[in-house]
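Student: Got a structure for you, written out below as structure tokens; questions coming shortly.
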Amino acid sequence: MRTRRREWVGVAALVILVLGLAGCSSPNSEPVTTTTSSLTTTTAQATTTTLPPVLGSSTAYPSPDARGFGQVSPSEVFFGGEAESAVTEVTWTSWGANQATGTGTGFDNVGSPYASVGHFAPETIVAFDLGICDGTYMYQEMKEFFPGEGETFDTAQSINICTGSP
């Protein structure tokens, strides 16, 4: 019995060795196309999803003065036009998460239609709705508000920063 067991162990080791050598390639052999293609595809997909998102589309607001859109965690967000639409010195938390929050300085004329009665105050920006827009991974929605005025984050009052529509 012991002899036969040793023979089977020896045969099994020989089979494993032969199979292992069969998997090795000589310097003149070609790589397996399917394996290479599959690995390349997987790598390309991983690269696409690991890029950090940008803040909306750089083409959604065509004003030459617009800033921050199409950028990763911009320090200034400005729709262009009137100064009331600018938020400067923005510091972001949780960029890349489902929701990113930025705190900066904006021009607050909440409660008054006149800029002359406004003042600079802390302003919060919340960017959310991660997705692909025009082939770019971005936050597609944004809401700005002044917490000091009692304003809060409300998705119903957000701006579509992918297309530039309310």
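Student: Given the options THR93, PHE145, SER158, identify the residue whose Cα lies farthest towards the positive end of the charge dipole of the range 54-160 (+1 on Cβ of Lys, Arg; -1 on Cβ of Asp, Glu).
Tutor: Positive-end residue among those listed: THR93.
Student: Amide H of PHE69: which non-local residues (sequence gap of 5 or more, or other chain) have their own amide H closer than 5 Å, using H built in the peptide plane?
Tutor: The answer is PHE78.
Student: According to the square roots a ≥ b ≥ c of the eigenvalues of the Cα gyration tensor, what is the shape class of the range 93-166, taking rounded for a/c under 1.5, prolate for a/b larger than b/c otherwise, and oblate for the remainder? Please list the in-between numbers first.
Tutor: Working: a/c = 2.57, a/b = 1.87, b/c = 1.37.
Prolate, since a/c reaches 1.5 and a/b exceeds b/c.
Student: Still on this structure: Suppose the chain between GLN71 and THR136 were pulled fully straight at 0.36 nm per residue; how much longer would it get relative to their current alpha carbon spacing?
Tutor: Separation in residues times 0.36 nm, less the Cα-Cα distance, equals 22.3 nm.
Student: Under 5 Å between amide hydrogens, which residues at least 5 positions from SER75 or on another chain qualify, with H placed 1.01 Å from N in the peptide plane?
Tutor: Result for SER75 returns nothing.
Student: Output ³J(HN,Hα) for the range 145-161: one whole-Hz value per residue in order, computed from phi by the Karplus curve 6.51 cos²θ - 1.76 cosθ + 1.60 with θ = phi - 60°, and x for Gly and Pro.
Tutor: Listing the rounded values in order: 7, 9, x, x, 9, x, 6, 9, 6, 9, 5, 5, 10, 7, 10, 7, 8 Hz.
Student: First measure r as the distance between the Cβ atoms of SER94 and SER116, then evaluate 1/(1 + (r/R0)^6) with R0 = 25 Å and state the FRET efficiency to the nearest 0.05. Please list the in-between numbers first.
Tutor: On the way: r = 36 Å, r/R0 = 1.45.
The value I calculate is 0.10.
Student: Okay, moving on. Treating the beta-carbon of each Lys and Arg as +1 and of each Asp and Glu as -1, no other charges, what is the dipole magnitude of the range 54-160 about its Cα centre, to the nearest 20 debye?
Tutor: Numbers: 2 positive and 14 negative charges, 48 e Å.
Here the size comes out at about 220 debye.
Throughout, read-outs are computed from the coordinates displayed, never taken from laboratory work. All figures in this text were calculated on a predicted structure; none of them were measured in a lab. For neighbour counting, all protein chains shown are included, and Cβ atoms are generated from backbone atoms with ideal geometry for every residue, glycine included.
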